[in-house]
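Colleague: Before we start, here is the structure in question, set down as structure tokens.
The values are calculated or read from the model by the stated rules, or taken from the named source; none is laboratory data. Being a predicted model, the structure only gives us computed values, none of them experimental. Neighbour counts run over all protein chains shown; Cβ positions are idealised from the backbone, glycine included.
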Amino acid sequence: MAVSAANNNREPRVVLSARGLRRDFGGFTAVRNVDLDVHDASVHALIGPNGAGKTTVFNLLTKFLQPTHGTITLMGTDITKTPPDKVARMGLVRSFQISAVFPHLTVLDNVRVALQRPNNLAHQFWRPLAALESLNDRADQLLGVVGLTKERNAVAADLSYGRKRVLEIATTLALDPKVLLLDEPMAGMGQEDVSVVSGIIRDVAKDRAVLMVEHNLSVVSNICHHVTVLQRGEILAAGNYATVSNDARVREAYMGTEET
């Protein structure tokens, strides 16, 4: 029984890891000596003031940028030199700061389009539209997960900004990611939408890793298990929210400015 209890308290496995990550742009070093471990079934926040290097780290992890130095592993596999499309197929999927949905398609059709790749329908253009009907059950399931069932047949362009971001989460979940990277998912949202999306992220992280760049410290404190703070491209502090929020260097560099 004692062994079982110890196993239950064991920290979830690392699914995404970076060591010594560095990125130079000419004579400017945007990211330096970044070590990062993202655990399964958890939410990990990457925070810091503007210009701290958060988006550069995201681009390095998802291979939109190649690191100048360092290594990146995904579920134990070295992906440092792997192209971004292959990394996505391996289960590392990201969203962007700007909502990326098809505005003239319905909510259901947006999710069905996203489901075509994992169901090997992405390049079979000769197949009749009815072939997509087989994706309806899974699409409806995903819409239920993110609370968009009532908007199933609505045109995406008619959704509020916050609901578009929710739809984008549904389309990324359609790719069945093992690690989901969200770039400022709460940006531009009202408080009601922030609460809804926070709950969605908390729920989807029950069976996958979520790494997110986020400026809303209330969200970070409420849903994130681990926080990494960047300043000038380097890690300033790391730990749970209580640890980093009580770090004098963090309060001076970032959190103090948020509270004024």
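Colleague: Take the residues of the stretch 58-73 that are in contact with a Ser or Thr (Cβ under 9 Å, 6 or more places away or on another chain) and buried (at least 20 other Cβ atoms within 10 Å of the Cβ): which is farthest from MET212 (Cα to Cα)?
Modeller: PRO67
Colleague: Now for a different question. For residues that are in a loop (DSSP other than H, G, I, E, B), within 13 Å of LEU181 (Cα to Cα) and at pLDDT below 95, tally how many sit in the stretch 33-57.
Modeller: 0
Colleague: Restricted to the stretch 171-187, and to residues that are under 12 Å from the mean Cα position of the chain (by Cα) and among the β-branched types (Val, Ile, Thr), which residue is farthest from LEU60 (Cα to Cα)?
Modeller: Ranking the candidates gives THR172 first.
Colleague: How many of the residues making up the stretch 120-167 are exposed (fewer than 15 other Cβ atoms within 10 Å of the Cβ), at pLDDT below 90 and not in a helix (DSSP H, G or I)?
Modeller: Qualifying residue count, the stretch 120-167: 8.
Colleague: If you don't mind, there's one more thing I want to ask. Going residue by residue through the stretch 104-117, is there one that turns out to be touching a strand residue (DSSP E or B) at 6+ places or on another chain (Cβ under 9 Å) and loosely packed, with under 15 Cβ neighbours inside 10 Å?
Modeller: Scanning the stretch 104-117 turns up at least one residue that is touching a strand residue (DSSP E or B) at 6+ places or on another chain (Cβ under 9 Å) and loosely packed, with under 15 Cβ neighbours inside 10 Å.
Colleague: OK, next. From the list SER198, SER218, pick out the single residue that is in a helix (DSSP H, G or I), surrounded by 15 or more Cβ atoms within 10 Å (Cβ to Cβ) and of a type in the set (S, T, N, Q).
Modeller: SER198
Colleague: Would you mind stating whether VAL197 is among the β-branched types (Val, Ile, Thr), at pLDDT 90 or above and in contact with a Lys or Arg (Cβ under 9 Å, 6 or more places away or on another chain)?
Modeller: Answer is yes for this residue.
Colleague: While we're here: Give the number of residues within the stretch 221-236 that are under 19 Å from ALA52 (Cα atoms) and either in contact with a Leu (Cβ under 7 Å, 6 or more places away or on another chain) or not in a loop (DSSP other than H, G, I, E, B) (or both).
Modeller: Adding up the residues that qualify gives 9.
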